Amino acid sequence: MSKRLIRVQRDEIQGKQHILQKQPLNAVLSNGNTIFGRLISIDAAQLILKDTRDHQHKIALSDLYEVVYDDDQGVVPPSRHTTL
């Protein structure tokens with residue numbers, strides 16, 4: 001079964017923390033940079049990722065654009081676009 005990219009906006013992250021801690025993800029920053037890793041923790045001000053070299057990255061939520069991960073469940077999330 002194919003994977004689907006799931007995009008989570010920064011204001012939705014805390015509500016989906018239990019899902020995000022189960023798989024690797026990409027944190028896309030507002031400046032276009034991307035950090036790949038696993039979610040260690042999140043609070044109201046920042047999230048902490050651990051990359052593949054075991055380095056921790058503290059990312060302010062104000063600098064975060066979105067989080068993207070691969071979903072292998074095959075479940076298509078509801079669209080954010082009312083025209084689709």
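Quick note: the coordinates plus some simple rules give every number you see, no bench work behind them. Because the structure is predicted, anything quoted here is derived from the model rather than measured. Positions of Cβ are backbone-derived with ideal geometry, glycine not excepted, and every protein chain shown enters the neighbour counts.
Overview of results
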item	result
Subset of the range 37-74 [assigned to a loop (DSSP other than H, G, I, E, B) and closer than 12 Å to I6 by Cα]	D72, Q73, G74
Test: residue in the range 29-36 that is under 16 Å from I6 (Cβ atoms), under 13 Å from the mean Cα position of the chain (by Cα) and hydroxyl-bearing (S, T, Y)	yes
Of all residues making up the range 20-49, the number that are free of Cβ contacts under 8 Å to residues at least 40 places away in the same chain and surrounded by 14 or more Cβ atoms within 10 Å (Cβ to Cβ)	10
